[in-house]
Amino acid sequence: GQFIALLLGYLVVHRQSRREVVAAELWPELDDGGRNLRVTLSYLQRALQPDRPAGDPPYFLRADGPWLTLVHDDWLSVDLWELDGLLDDAEAHERRGAPARALSAYRAALPLWRGEPLVDAPYAAWAEPARARLRSRYAGAAVRAGELLLAAGAVTEARQAGGSALTADPYSELAHRVVVRAYLEDEDVGGARRALAACRAALATLGLEPEHATVALLP
């Protein structure tokens with residue numbers, strides 16, 4: 001079960017990879033992980049298509065010669081792909097100067113963060129760069145959504161967006177700043193002070209202090 005999840009996670013991140021590369025990444029302690037890969041691949045194929053008739057080629061996970069490809073298809077729902085797609089859409093709208101459409105994409109994307117991604121590969125060397133990229137991208141998008149929501153006067157939703165950013169990156173000063181600003185827009189100075197204290201505490205664990213722009217938000 002563990003290696004099925006690892007193989008699926010690897011292919012979600014890379015989408016297409018050569019067999020020998022996958023085997024080396026998943027079983028680095030073995031000189032030849034090819035046998036392990038073949039067995040794990042057959043179990044994963046069965047999990048993805050439990051009703052596939054014997055002899056029919058697999059659809060979602062193609063094994064063509066030396067290549068393994070996880071197909072991007074409407075019938076296969078992958079939340080990380082959906083998240084990336086929505087954030088791609090939001091960034092495209094931002095570049096076109098359409099912040100309202102960008103905000104719509106951000107709103108659809110924010111609920112897709114369901115905690116640390118790739119939890120089945122906590123120590124895998126290939127997984128940490130993917131996790132770091134997703135954390136950073138999601139937190140930045142949630143902060144931007146919070147800023148757009150503040151500008152639109154949607155204060156409660158802006159505070160929630162800042163909180164969403166902090167679930168991915170609790171050390172994001174920009175996210176803490178969105179939360180402080182949202183409390184102030186709501187005329188809740190006590191809430192703003194608590195949010196600033198939370199910011200100070202988070203940054204202190206890194207040996208940092210909030211920037212002047214953050215502290216100066218409070219009257």
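The values are calculated or read from the model by the stated rules, or taken from the named source; none is laboratory data. The shown structure was predicted, so the numbers you read here are calculated from the model rather than taken from an experiment. A quick note on method: Cβ atoms are made from the backbone with ideal geometry, for glycine too, and the neighbour counts reach across all protein chains shown. Just so you know, the surface numbers come from the protein's heavy atoms only, side chains and all, with ligands and any DNA or RNA stripped out. Shrake-Rupley method; radii C 1.70, N 1.55, O 1.52, S 1.80 Å.
Can you give me the % of accessible surface on region 141-219 that is carbon or sulfur? Probe 1.4 Å, all protein chains present, nothing else counted.
53
Please give the charge dipole size of region 94-207, origin at the Cα centre, charges +1 on K and R Cβ atoms and -1 on D and E Cβ atoms. Round to the nearest 20 debye.
Here region 94-207 has a charge dipole of around 280 debye.
What's the magnitude of the charge dipole for the chain around its Cα centre, counting Lys and Arg as +1 and Asp and Glu as -1 at the beta-carbon? Answer in Debye, nearest 20.
Around 60 debye, computed over the chain.
Under 11 Å from a label point 7 Å along Cα→Cβ of Glu185: give me every residue in region 133-175 with its amide N that close.
Under cut-off, by backbone N: 145-162.
Given contacts defined as C-alpha pairs under 8 Å and at least six residues apart, what's the relative contact order of region 1-63, whole-number percent?
29
What number comes out for the charge environment of Asp84, summing +1 per Lys or Arg and -1 per Asp or Glu over other residues with Cβ under 14 Å away?
Neighbour charge sum, excluding Asp84 itself: 0.
When only Cα pairs under 8 Å and 6 or more residues apart are kept, what is the percent relative contact order across the chain?
Here the relative contact order equals 13 percent.
Whole number in Å², please: accessible area per residue of region 21-127, 1.4 Å probe, ligands, DNA and RNA not counted.
61
How much length, in nm to one decimal, is gained on full extension between Gln49 and Glu209, taken as 0.36 nm per residue of separation minus their Cα-Cα distance?
Extra length available between Gln49 and Glu209 comes to 52.4 nm.
Give the carbon-plus-sulfur fraction of the accessible surface of region 1-113 in %, rounded to a whole number; probe 1.4 Å, heavy atoms of protein chains only.
51
Residue by residue through region 42-47, what is 3J(HN,Hα) from phi via Karplus (6.51 cos²θ - 1.76 cosθ + 1.60, θ = phi - 60°)? Round to whole Hz and write x for glycine and proline.
5, 5, 5, 4, 5, 5
Taking Rh as the Kirkwood radius, which is the inverse of the mean 1/r over Cα pairs, what is the Rg/Rh value for region 1-150?
1.05
Could you work out the relative contact order of region 78-128, using alpha carbon pairs under 8 angstrom and six or more residues apart, expressed as a whole percent?
Once normalised by length, the contact order is 33 percent.
How much mean residue ellipticity at 222 nm does the chain get from its helices, if each DSSP H run of length 4 or more adds -39500 (n - 2.57) and you divide by all residues, to the nearest 500 deg cm²/dmol?
Only helices count here, giving -20000 deg cm²/dmol.
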